[in-house]
Amino acid sequence: MRIRALIVRIIRQFIHDKRTLALLIIVPLAVLSLIYLVFDGDTYQPKIGVVQVPDPITQHLGEHHAEVTVYGSAEDAEKALAGREIDAIVRMDAGAPRVKLEGSDPSKNRAAMAVIQAAMQDLAVLQSRAVAVTLPAFEYLHGGPDMSAFDSLSPVLIGLFAFFFVFLIAGVSFLRERTSGTLERLLATPLRRWEIVAGYTAGFGIFTSLQAVLIAGYAVGALGSLMVGSFGYVLLIMLLLSLTALSLGTFLSAFADTEFQMIQFIPLVIVPQVFFSGLFDLESISPWLRWLSHVTPLKYGADALRDVMIRGEGWSAIAREVFVLLGLALVFMAANVLALRKHRKI
């Protein structure tokens with residue numbers, strides 16, 4: 001009977017805790033559906049630009065499911081490659097094919113190389129008399145043949161780790177401030193809501209900024225992650241990512257009553273950002289699902305980090321992502337101010 005009473009109490013507790021029920025039943029199904037949509041997309045079709053190559057080569061590239069674009073000049077093709085509109089350029093050099101890869105994404109490099117080599121092999125088998133078939137020579141706009149998977153993924157990973165840990169620590173810490181009564185005592189003072197939010201953001205921000213600097217410095221200095229651009233820009237992006245995670249975590253903590261409830265936000269906030277951060281190819285996902293990437297802060301941070309660390313870009317390439325992250329941080333901070341209304345009216 002005593003065991004039965006304990007079982008009944010736990011069942012009633014779960015029934016009254018709608019958030020925990022959702023975490024156990026609805027959230028796993030939603031995340032599993034998202035994983036299905038991400039991994040069950042179409043096979044990636046490499047985008048290849050051709051400049052003054054024989055028609056048989058262009059034809060065979062298309063037969064191997066590449067998206068082929070014909071350019072009238074090498075300058076136009078180079079601009080498209082630098083703008084990541086295409087993955088590779090195929091041109092003829094002294095009668096031999098030469099391939100230039102964009103280089104920043106090893107998976108796209110492999111896809112483009114496989115298609116080009118398969119097309120050339122088909123021509124060799126056919127022994128076309130119109131085209132002298134030789135193996136293509138490869139060169140890279142960014143990276144190189146020795147670029148590792150870690151070099152490609154490290155900009156995303158360091159942004160993910162900084163965002164995740166700052167989000168969790170800031171949310172739990174701010175929740176403790178509220179449950180311990182510290183926040184209520186501050187609300188009883190003449191301090192305005194925006195002053196409280198600014199103070200907490202600056203206080204937590206000192207330590208989250210230190211963490212961001214350590215993560216970026218360790219990845220580049222100790223682990224040897226590829227670094228082509230300015231490390232200062234990397235620090236700027238990491239600091240903005242941490243500020244965004246900090247403001248988002250403290251905002252969501254207003255809707256949690258326990259630390260366990262704060263952790264429940266991880267599947268809803270962090271997991272979708274992992275899928276749309278650049279770890280997986282978004283171009284193979286259904287277009288109607290790609291819009292989610294535009295509302296995930298980690299996507300902007302990862303794109304900017306890749307532009308700096310792998311492609312060596314400067315301010316003009318990352319300015320949009322920097323301002324978006326700054327804007328999101330300010331929006332979440334303003335939401336924090338509004339969320340404090342539930343504790344005090346001023």
Using packing as a proxy for protection, rank 320-330, 71-81 so that the peptide with the highest average count of other Cβ atoms within 10 Å comes first. 320-330, 71-81
Packing-wise, with mean Cβ within 10 Å as the measure, how do 170-178, 153-161 rank, highest first? 153-161, 170-178
Neighbours of residue 324 by Cβ distance under 11 Å: Lys/Arg at +1, Asp/Glu at -1, summed charge 0
Residue-ordered couplings for segment 174-179, obtained by feeding phi - 60° into the Karplus form 6.51 cos²θ - 1.76 cosθ + 1.60 and rounding to whole Hz (Gly and Pro as x), are 5, 5, 5, 4, 6, 6
Note down the nm distance, to one decimal, between modelled labels 7 Å out along Cα→Cβ at residue 218 and at residue 317. 2.7
Can you work out the accessible area per residue across segment 195-339, with the rest of the protein chains kept in place, probe 1.4 Å, in square angstrom? 41
Express in nm, to one decimal, how much length is gained between residue 268 and residue 121 on full extension, taking 0.36 nm for each residue of separation and deducting their alpha carbon distance. 48.2 nm
Lys/Arg +1, Asp/Glu -1 at C-beta; the chain dipole; positive extreme among 216, 31, 324: 31
FRET efficiency, 1/(1 + (r/R0)^6) with R0 41 Å, evaluated for residue 206 and residue 18 via beta carbons: 0.65
Which order do peptides 269-278, 51-60 fall in by mean Cβ count within 10 Å, highest first? 269-278, 51-60
Once label points are set 7 Å from the Cα along Cα→Cβ at both residue 11 and residue 228, what is their separation, rounded to one decimal in nm? 6.2
What percentage of the solvent-accessible surface of the chain, computed with a 1.4 Å probe over protein heavy atoms, is contributed by carbon and sulfur atoms? 64
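The values are calculated or read from the model by the stated rules, or taken from the named source; none is laboratory data. Given the structure is predicted, the values throughout are model-derived calculations rather than measurements. With ideal geometry, Cβ positions are generated from the backbone for all residues, glycine too; neighbour counts draw on all protein chains shown. For the accessible areas, the whole protein counts, side chains as well, though only heavy atoms, and no ligand, DNA or RNA atoms are used. Shrake-Rupley method; radii C 1.70, N 1.55, O 1.52, S 1.80 Å.
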